[in-house]
Amino acid sequence: MSVTRIKKQKSVREQVSAEEWAKRIDLAAAYRLVHLYGMDEMIANHISTRVPGEDNAFLINPYGLLYEQMHASCFIKLDLDGKILFNPTEYDVNKAGFIIHSAIHRARHEVDCVIHTHTIAGMAVSAMKAGLMPFAQTAMRFIDIGYHDYEGVAINMDEQERLVRDLGNREAMILRNHGLLVVGASIPQAFDNIFRLERACQLQVTTLACNTEISLPPRKIIEDASHLYQPGVRRKLGILEWPALIRKLDAIDPSYRE
């Protein structure tokens, strides 16, 4: 009697470098945290990060999974021209996600992570002519935030140039009538940016709903407070918070590591 040997299929972890696997775990954690803090919109939106040691490659979510279902093995690796380098799933990449994220990764070499959301508060502020207002310290951090006018669903390549132009060298941008976008030199820093920006938008929507006179500090005080949050002045925001957030995730559901 002959025995048929079945070749075991390699896991994703066995097919990528140790550095990429660690990055995949952090990326999965970012997706789970965005879900945990109520910033996801079913399968929409995207978070991306560069692949260590591969200058023109980044990881992004498969278009078809909820944020709470993301795990280290599910991310699709593609290059800045849209060529799929590694896809361990049955899903594709969202076209708008590719256009937005590839544009920023190509233009901003210091950016490691890009996050885009469609939260209720973020979309509400994106529709306000005044934009984000410095109602409290959390919002003052973003007084130099960028703005990008709505051009329809982001599926046209020529919009990339304007996205990059409007973001400039900033860490955050409001996509008018659309949502929020942040970048960071690391996944922890980008998550901290989106968490704080979302809080600033929630604050604004709540404050305006109170229908009462609003008190603002003098402009000089606002600018001084904002300055303390800028790169090169502040500590690297998000780095101190990240291990605590990871412990929180591990206690809830460590399956993001798989």
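Among the residues of region 31-68, how many are under 20 Å from Ile194 (Cα atoms) and either out of contact with any His (no Cβ under 7 Å at 6 or more places or on another chain) or not hydrophobic (A, V, I, L, M, F, W, C) (or both)? So that I can check it myself, show each step before the final result.
Quick first cut of region 31-68, residues under 20 Å from Ile194 (Cα atoms) only: 31-50, 58-61, 66-68.
Within this subset, residues satisfying the condition of being either out of contact with any His (no Cβ under 7 Å at 6 or more places or on another chain) or not hydrophobic (A, V, I, L, M, F, W, C) (or both) are 31-43, 45-50, 59, 61, 66-68.
Summing the residues that are under 20 Å from Ile194 (Cα atoms) and either out of contact with any His (no Cβ under 7 Å at 6 or more places or on another chain) or not hydrophobic (A, V, I, L, M, F, W, C) (or both) in region 31-68 gives 24.
Only one residue in Leu240, Leu181 is exposed (fewer than 14 other Cβ atoms within 10 Å of the Cβ) and either within 21 Å of the chain's Cα centre (by Cα) or of a type in the set (Gly, Ala, Ser) (or both), so which one is that?
Answer to the selection: Leu240.
Out of all the residues in region 109-122, which are surrounded by fewer than 19 Cβ atoms within 10 Å (Cβ to Cβ) and within 16 Å of Phe195 (Cα to Cα)?
His118, Ile120
Report yes if Tyr256 is of a type in the set (Ser, Thr, Tyr), over 15 Å from the mean Cα position of the chain (by Cα) and either closer than 25 Å to Asp149 by Cβ or modelled with pLDDT under 95 (or both), otherwise no.
No: the conditions fail for Tyr256.
Assuming Leu65 fulfils every condition listed in (1) surrounded by 13 or more Cβ atoms within 10 Å (Cβ to Cβ); (2) in a helix (DSSP H, G or I) apart from one, which condition is it?
(2)
Within region 190-205, is even one residue under 19 Å from the mean Cα position of the chain (by Cα), within 25 Å of Gly82 (Cα to Cα) and at pLDDT 95 or above?
yes
Could you check Lys236 against (1) at pLDDT 95 or above; (2) over 18 Å from Asp40 (Cα atoms) and say which number it fails?
Every condition holds for Lys236 apart from (1).
Any chance region 216-229 includes a residue that's within 18 Å of Pro188 (Cα to Cα) and either of a type in the set (A, V, I, L, M) or touching a residue at least 40 places away in the same chain (Cβ under 8 Å) (or both)?
yes
In region 132-153, which residues are closer than 20 Å to Glu171 by Cα and either touching a Phe, Trp or Tyr at 6+ places or on another chain (Cβ under 7 Å) or aliphatic (A, V, I, L, M) (or both)?
Answer for region 132-153, where residues must be closer than 20 Å to Glu171 by Cα and either touching a Phe, Trp or Tyr at 6+ places or on another chain (Cβ under 7 Å) or aliphatic (A, V, I, L, M) (or both): Leu132, Met133, Ala136, Ala139, Met140, Arg141, Ile143, Ile145.
Among residues belonging to region 14-57 that are assigned to a helix (DSSP H, G or I) and modelled with pLDDT under 95, point out the one that is farthest from Gly82 (Cα to Cα).
It comes out as Glu14.
Pairs please, first residue from region 234-258 and of a type in the set (D, E, K, R), second anywhere and surrounded by fewer than 13 Cβ atoms within 10 Å (Cβ to Cβ) and part of a loop (DSSP other than H, G, I, E, B), Cβ atoms under 8 Å, 6+ apart in sequence or on different chains.
Between residues of region 234-258 that are of a type in the set (D, E, K, R) and residues that are surrounded by fewer than 13 Cβ atoms within 10 Å (Cβ to Cβ) and part of a loop (DSSP other than H, G, I, E, B), the close pairs are Arg234/Leu228.
The values are calculated or read from the model by the stated rules, or taken from the named source; none is laboratory data. This structure is a prediction, so every number in the text was calculated from the model and none was measured. Don't worry about glycine lacking a Cβ; one is built from the backbone with ideal geometry, like all the others, and counts go over all protein chains shown.
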